[in-house]
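The values are calculated or read from the model by the stated rules, or taken from the named source; none is laboratory data. Keep in mind it's a predicted model, so treat the numbers as computed, not measured. Using ideal geometry, Cβ is built from the backbone for each residue, glycine included, and neighbour counts are taken over all protein chains shown.
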Amino acid sequence: MYIKHTSLTKISPSQDICGFIEHLFICVACGFMTINVHYMPDFEPNEYFWKHHWNEGKEEKWEAFARAVRDTISEYSGLKKSDLQMEDKFAYIKALKELPSATNKEK
């Protein structure tokens with residue numbers, strides 16, 4: 001399954017760095033948004049998959065499976081793949097939290 005959305009205001013429904021309540025308020029205030037859910041068939045790897053798509057010794061089986069699913073979703077959805085890691089998101093959130101808030105600015 002993958003989800004594609006369109007919004008007149010270009011606000012993303014992804015909740016990456018703000019809390020749920022704040023995010024909900026922004027999405028409700030932005031107006032019209034369309035969300036399309038696309039279901040794909042279940043994928044269960046078999047011996048053919050492991051023989052032809054797994055780089056044994058270079059990656060674990062779960063990595064080969066994740067790569068194949070990611071490539072398939074990208075191909076059929078038209079969504080771009082990103083090389084960002086989950087750790088990058090955590091570092092970004094940490095950096096945001098370390099910024100001085102507007103109420104604590106030195107005068």
When segment 60-91 is checked residue by residue, the ones that are in contact (Cβ under 8 Å) with a residue 60 or more places away in the chain, assigned to a helix (DSSP H, G or I) and surrounded by 13 or more Cβ atoms within 10 Å (Cβ to Cβ) are Ile73, Ser77
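To keep it simple, each residue is scored yes or no on (1) modelled with pLDDT under 90; (2) closer than 29 Å to Thr9 by Cβ.
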site: Pro45; (1), (2): no, no
site: Glu56; (1), (2): yes, no
site: Glu59; (1), (2): no, no
site: Trp62; (1), (2): no, no
site: Glu87; (1), (2): yes, no
site: Pro100; (1), (2): yes, yes
